[in-house]
Amino acid sequence: MATTAPSAPSTSRRQPTRRSRWWLEVGWKYPLAVLIIFYAAFPLVFVLSASLDEGGNLRGTESLFSSISFENYANLNDTLFWTWVGNTLIIGAAAAVGAVLMGACAAYAFSRFRFQGRRFSLTGLLILQMFPQTVAFVAVFLLLLALGEVVPSLGIDSKIALICVYWGTALGANTFLMYGFFNSIPSEMDEAAKIDGATHAQIFWKLIMPLVTPILAVVGLLAFVAAFGDFILAKIILVSNDNWTLAIGMYAWVSDQLTARWGIFSAGTVIAALPVLVLFLTLQRYIVGGLTSGSVKG
Amino acid sequence: MSTETATPVTRPEAPARSWRGLGWGFLVKLLLMMIVNAVGLSIIMSAWAVEAWAVLAASALLLVAANWVYFARRTLPLKYIFPGLVFLLIFQVFVMGYTAYVATTNYGAGHNVDKGQAIDAALINAERRVEDSATYPLTVVRDGDTIGFAVTSASGAVQVGTEEEPLAAVDGATADGSGRPTEVPGWEVVSLNELLSDQALAQEVTQLRVPVSDEADEGSLRTREGSTAAVYRSSLTWDEEADALVDSDSGVTYTANEYGTFVGDDGSTLPVGYRVGIGAENFVKAVTDPDLAAPLLKVAAWTFAFAFLTVATSFLLGLFFALIYNDDRLKGKKTLRTLFILPYAFPAFLTALLWRGMLNAEFGVINDWFFFGANINWLGDPWLAKFSILFVNLWLSYPYWFLVCTGALQSLPSETTEAAKIDGAGRWRQFRSITFPLLMVSTAPLAIASFAFNFNNFTIIYMLTNGGPRFTDTSVPLGSTDILITAIYQISGVAGGRADYGLASALSIVVFVVVGIVSAIAFRQTKKLEEF
Amino acid sequence: MRNTIGKVVIAATSVALLAACSSGTTDDEPSDAMSEEPTPAASETSDAIDATGLSLTIWVDENREPAVAAAAETFMEETGATVELVQKNFEDIRADFLAQVPTGEGPDITIGAHDWLGALIEGGVVNTVDLGENASSFAQVAVDAMTYDGQLYGMPYSTETIALIQNTDLVGEDAPATWDDMIQAGIDSGADRPFCINTNGETGDGYTMYPFQTSFGAPVFVQENGSYTSEVGMGGEAGEAFATWLGENGEKGEGYISTTVDYDINNQLFNSGECAYTIQGPWALGSFTDVNFTVNPVPSAGGETASPFVGVQGFYVSSQSENALLANTFLTNYVATPEAMQALYDADPRLPAFEGVDTASAPYPDAIAGFQASAEGGVPMPSIPEMGSVWDFWNAAESAIIKGADPVETWNKMITDLTASLEG
C-alpha cells in the first residue's frame, strides 16, 4: 500500500507541482484500488477457473485456466438449474418486499408513537434474533405439517410457506435496523404535515417512505441475500426438487464429497452471482447518495 | 402492547381534510379487512373440517385481534406493527416455545417416537420368519367383514384361514399357474388389483396374521406384498392391561420406566423407547455437567469475540475504503465500487469452501503465493484457525460496510465539515470529532444487527473449519473455532453421532436466556438506547 | 424437468430392451416361472394390479435417482400407482428419516446405508423386509450387513469398499504384500510421494485408514460370533501399536500421511502421477483419467490382514408406511429382479449386491474385480447405534496423531473419552 507519490521527485516537496499534488491527493487511490480489487477478486478467479474446467474442483491450486471449456455451463441446461433460479428469484423477492414493508411499518410505529412497553419490545425484537435456531427445524417442520393440513399452500414443500417463515424473521431482524434511520428524519416534518391535515397513513406513505429509501434498499438487499444463501430452512421445507432454491440445489451437487461436481457447481455460482450483482448495482443508486443532505439529525 | 391514550400527535387535525383522508383510507382499509376476514374465516372453516383445533383457536384469536386492531381507535401503533407481529408470533415465537417444550423431553436417539409407535417397532423387531419355512402363493379372500388368507401348499391343496381360525383345507378350490388360488368356495376372492387400490383393506391385510395351526408356537402366516405368504413367529406380545410387553420365549415382562424405556424384569432393555417429559433434567445437565460447561464457556467467549471482531474489522475496513473512495475527483467510481463488492455477490457457503482450499497448509495458494511456500497451518492451529475465520469473514463482509458507509458519508451535512475546515481542524480531528460520531448515528443500529447475525453465523464456521481444531482437554467433540450455534448443532447429533434433541434444545434455551440477559444489560448501558 | 423425464424414458427403454433381449435369447425366464416355488413374476401379475390413485414416496439421492426412476417407471406403468421420488442429499437422509417418519410425513421407502441400521432400529422407524423369490441371488455379505439381531431390515443393492490403487506406469501391476514393500516400491519408482491417503483434511478419516488399523489387530468394536458388541476393541497394545505407526508415518515422522491431503487433493496427486499408490473407493476412479492404474487389496502394515470396511447400500421401508403392501410389492417384484438390479448398476456403478449383474458396462471393469477382491478381505462396517458416536473421537484423534501429537497418549485418551461417551 506504499504507493503514495512514488513518482514525485524530491524537489516537488518544496514546490509541489500540480501533478504531484494530484498524486498526493487523488492519484494514489488508483494503485490502491488495484490492490483492493485483487484482494476482492482473486479468490473468485478460482471459481471462474473451475467453472471453465470440465473436471474442475475448488481446491485452490495454481493450475488456473488449464483448460477452457463451456461444457459446465452447457450442462446446467440438463439440470433443473433454471427452475431453481426462478424459484430463488421469486422467494428472494417476496422475502425482500415483505421484510421491507413490515419492517418499515414497525419501525415507523416505534419511531413516531409513544406507547407502553415500547422500549421493552424494541430490545425484545433485537434479542429474539439471537436465538440459536439449529434445533428449531423440528418445530418448523411440525408447525408446517399442522398448517398444511388446514391450508395446503402453507404446508411442507410450498414456496409460500418458506416465504412466510422468512417473513417471521422480518420484524426481529429489521425493525431495529430501520428504527435508527427513521429517528434521523426530524419529527418536525410530520408535525408540519399533520397541521396541514395529513393522516398518519398519509404521512407514512407519502412523507416518510420516500425519505428513508436508502435504508429500505439496505433492508431489501439484506433480506434478498439472506434468502438467496439460506439452505438450512429451505432444505427442510422445500421437499421436491423442482421447488428447490439455488442454494439447496447446488449444494446437493457437492454435498457428497465422493461425487462432488465442482465444475458445474462453479458454473452455477458464476451465473447465480449475477442477480445479486444486478440488484447491487440497481440499489447502489439509492444507498449511495440517496440520502438528502441534512436529514441526519445532527 | 397496550397503547397510551395521550398521543398528542393525532389530535390536531383539520376537520375538512381529515374527513377526505379518512374516506379514502377508510375504504381501502375496509376492503383489505374484508379480504383478511374472508381468508381468516375460510382458514377457520377448513380447520374445523379437519378438526385441527389448535390451528382453529390460533387463527380465530388472530382474526379477532386483527379486527380489533384495525377498527379500534386506540391501537394506532399496533396498526403498524401487527402484520409483522403475526408472522413473528407464528414462525418465531412458536418455534422457540416448541423448542422449550422439546427441552423438557428426552427426544433423541432411542426415544425418537411416541409410545404407540415404539410398541409397533418393538413388535416388528420381535416378529421373525420361522427358519427354513416355505413361501406360499397367496390370495386374500373375504366373507363380509372377515378377511382371510387362501394359500396353496406345496402339495397343491388350497387352505384358508383367518385371524381366529387356523389354516384348514377347503375342497373345490382352484389355483392358477403360479399357484395362487383363484376360486375358493364360501369365500369371495379379492383380486390384487382391488387389494392394492384400497388403502384401508391393504393395511388390514398387512396387519393380519393367520395361525398355521392351533399351536401358537408354530407361528402364523403373514404377507408383505399381497401375493405370497410366509410363516412368522412373534416372541413378543403387547399386554394392554398390564401396559407391558411380554416375551413368550423367555417369559420376561418389559414395562416402561419413567424415561420411556422398556425394562424387563431381568434388567434387560428393548432397543426402542419412546419420548417422555423428563422435566428440567436436560437443563440441569446443560448447566451442571462439567464436561459440557467448561468447553461451552470457552465456546461462548469465542462467540462473543468472533461476532464483535468480525463487525469491528469489517466495519473499519469498509469505512476506510469508503472514506478514500468517496471522492468526487475520482473517475470510474461506479466501476470501482462494483468490483469492490464482488465477494458479497457470491453465496457465503461457496466462498467459505473455496477459502478452505486456499488456506490448506501444503497445497493452498495462500502459503504458496504470499508466504513463499511456507508450511503455515492456517486451519490446524487453534489461534491461526481463529484468525483465518476472522480474515475470511472480513473478506466476506467488508463490501457491505463499504457500501453502507459510503451512503452514510454522502448523507452527512456538508455544512458541518465545511465549518470544521474553516476552523482549521486537521483531517484526523475532523474525522474523529465530527464525521465519525455523525456516522455512528446511522450505522450503529446496522452494526448491532450485524453483531446479532454473526453471533449465529453457522455457515462460515461449519464450512471453513467445522469447529476444529478439536479441544484436546475435554471429552465432548467441540473445537476451538466452534461458536455456540455450531456447538449446539454438534451436540444435537443431527450430523451423526447420538442425537439428543432434548439436551440440544435445553442448551439453546439456556444460551438464549444468557445472551438475552447480557445483551439487555449491555443495551441498557449504552447511552444511545437511553435516548429512545 | 423435461430433461429428467428424458433420462427416465431412456432408462426405461433400456430396461425394456434388456428384458426383451433376455427373454428372446435365453430360456431362463420362462423356466423361472415354472420353478418349484412358483410365485408370480412381475410381468405376469402386472395386468391384474391396478393401484391407480395410490402413491409411494421414495427418498433417493441424486446419483441413484435415475436408477430408481427406471424401476419406478415400470412399476407405474404396470400398476397405475404414482411413485414420487424425493431427491435428498445422501448425508441428510438418516437424520430426516429419523425425524420425519414419526410425524407420518416420512417416505414409504428410502435409500440408505447399512451402518445407519442401529440408529434406525433404535429410533423405531424401520420395518423388516422380505427379499422375495430372488432372495438367493443376493450376496450373502450384503444380506448379513442389512441384518440386525437376526432380522432383515433392508433390501441391499450395492456394496462398496476401498482398495489400494496403484499407478501401473510407476510401480507395475503387482500388489505389494506389506506397507514397507509398498513404500519401498513407491520410493524406487521415483514418484514425488510413494503413497498418499485422504485424511479429509484436518478432520481425520478413520474410514480410509481402517485397513491399516485392522492389520494391527485393532477392530473398532469387539466382534462376537460375527456381530459387533458395543465393547470398544481398538484400545490396548494393538491400538497403541497402530497409533505409534501412525505417528511414525505422520507429518512429524516420515510424512507419508499428512492432514493437508483431503479427498480432492489426494485424487489430484494420484492423477498427476505424483503419487505411486493411494487408497480410494470405486467412486474416485472417474478422477483418475490421466494415469494407468490397477486395483489391489490394501497391504498389511501391522502383520495381520488389512481389512477395509465394507459398506452396503439398500432400501429401507418405513415402519409407519401407510402403503406397506404396495411398498413391498415394489421392492420384491420391481427392484429385486435381475433387470432392475442391472438398471441400478448401469445408472450408478457400485459393486452389485445381486448375482448376475453384468459389470461390463462399468467404465473400469477390471477395477471392479480389484475392489471385489478387497471386499472379500473386508469386514462389514458396524451397524450398531454406538458406531455413530465413534467417528468424531476417532477421526480427531487420528488427525492429532498425524499432526504430531503423542501417539499413545492421544490414542488412549480417545479410547477413554469414547468409552465414557458410549456409557453416558
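At a glance:
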item	result
The range C:224-302 and the range C:92-148: distance between their alpha carbon centers, rounded to Å	29
Residue-normalised accessible area of the range B:16-103, given per residue in Å² at a 1.4 Å probe	60
Per-peptide average of other Cβ atoms within 10 Å, ordering C:376-387, B:271-282, B:121-132, A:185-196 highest first	C:376-387, B:271-282, B:121-132, A:185-196
Chain C: relative contact order as a whole-number percent, Cα under 8 Å and 6+ apart	25
Simple Cβ-charge dipole of the range B:130-234, Lys/Arg +1 and Asp/Glu -1, about Cα centre, in debye nearest 20	320
Residues of type aspartates and glutamates that residue B:331 reaches as a straight line, Cα spacing below 19 Å, ignoring anything fewer than 8 places off in the same chain	A:25
The range B:435-503-the range A:147-188 distance, computed between alpha-carbon centres (Å)	23
Axial C-alpha extent at least 27 Å, average Kyte-Doolittle at least 1.0 - helices from chain A (DSSP)	A:29-51, A:81-112, A:262-287
Positions from the range C:113-139 whose accessible area shrinks by 10 Å² or more when the full protein complex is built, not the chain alone, probe 1.4 Å	C:121, C:122, C:123, C:124, C:126, C:127, C:128, C:130
Solvent exposure ordering (accessible area, 1.4 Å, most first) of B:111, C:114	B:111, C:114
Spin-label zone in the range B:324-350 - amide nitrogen under 20 Å from a point set 7 Å from the Cα of residue A:32 along the C-beta vector	B:324-343
Of all accessible heavy-atom area on chain B, the percent that carbon and sulfur account for (1.4 Å)	61
Relative frequency of Cα-Cα separations exceeding 43 Å in chain C, percent	17
Per-residue SASA entry for residue A:137, accessible area with 1.4 Å probe, Å² rounded to 10	40
Segment residue B:27-residue B:289, length gained on full extension (0.36 nm per residue, minus Cα span)	88.2 nm
Against the rule of thumb 2.2 N^0.38 Å, how large the Cα Rg of chain B comes out	1.46
Accessible area per residue in Å² at 1.4 Å probe, computed on chain A	39
DSSP beta bridge pairing in chain C, given as percent antiparallel to the nearest 5	65
Packing-based ranking, highest mean first, of A:127-133, C:179-185 given that Cβ atoms within 10 Å are counted	A:127-133, C:179-185
For the pair B and C, total buried accessible area rounded to nearest 100 Å², probe 1.4 Å	4700
Accessible-area ranking of B:104, A:245, largest first, probe 1.4 Å	B:104, A:245
R0 of 51 Å, Cβ-Cβ distance residue B:268-residue C:252: FRET efficiency to nearest 0.05	0.60
Where A meets C: accessible area buried, both sides, 1.4 Å probe, Å²	2300
With 10 Å bins from 0: P(r) over the range B:263-379, alpha-carbon pairs, percent	10, 16, 25, 19, 13, 10, 4, 2, 0
More than 22 angstrom apart: percent of Cα pairs within the range B:16-103	40
Chain B: DSSP helices with Cα axial extent of at least 20 Å and average Kyte-Doolittle hydropathy no lower than 0.0	B:15-49, B:53-71, B:290-325, B:382-411, B:436-455, B:501-525
Cβ-derived FRET efficiency at R0 60 Å, residue A:67 paired with residue B:199, nearest 0.05	0.65
Violating pairs (Cα-Cα greater than 24 angstrom) within the set B:334/B:386; C:252/C:413; A:194/B:29	B:334/B:386
Distance cut-off 46 Å, percentage of C-alpha pairs in the protein assembly as shown lying past it	43
14 Å beta-carbon shell around residue A:84, net charge (K/R +1, D/E -1)	-2
Heavy atoms of residue B:62 accessible to a 1.4 Å probe, total area in Å² rounded to 10	50
Kirkwood Rh (inverse of mean 1/r, distinct Cα pairs), the range B:289-530, angstrom	20.2
R0 of 51 Å, Cβ-Cβ distance residue B:383-residue C:135: FRET efficiency to nearest 0.05	0.30
Highest average packing first - C:160-169, B:338-347, A:22-31, Cβ atoms within 10 Å	C:160-169, B:338-347, A:22-31
Extent along principal axes [Cα atoms of chain A; Å; largest to smallest]	67, 62, 30
Neighbour net charge for residue C:256 - beta-carbon separation under 10 angstrom, K R +1, D E -1	-2
Neighbouring partner chain Cβ atoms per residue of A:269-276, average, 10 Å criterion	3
Average beta-carbon neighbours from other chains, 10 Å sphere, peptide A:144-150	6
Residue-averaged beta-carbon neighbours from other chains (10 angstrom radius) around B:470-477	5
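The values are calculated or read from the model by the stated rules, or taken from the named source; none is laboratory data. Since this is a predicted model, take the numbers as computed values, not measurements. Glycine also receives a Cβ, built like all others from the backbone with ideal geometry; neighbour counts cover every protein chain displayed. The accessibility values were calculated without ligands, DNA or RNA, using every heavy atom of the protein model including side chains. Shrake-Rupley method; radii C 1.70, N 1.55, O 1.52, S 1.80 Å.
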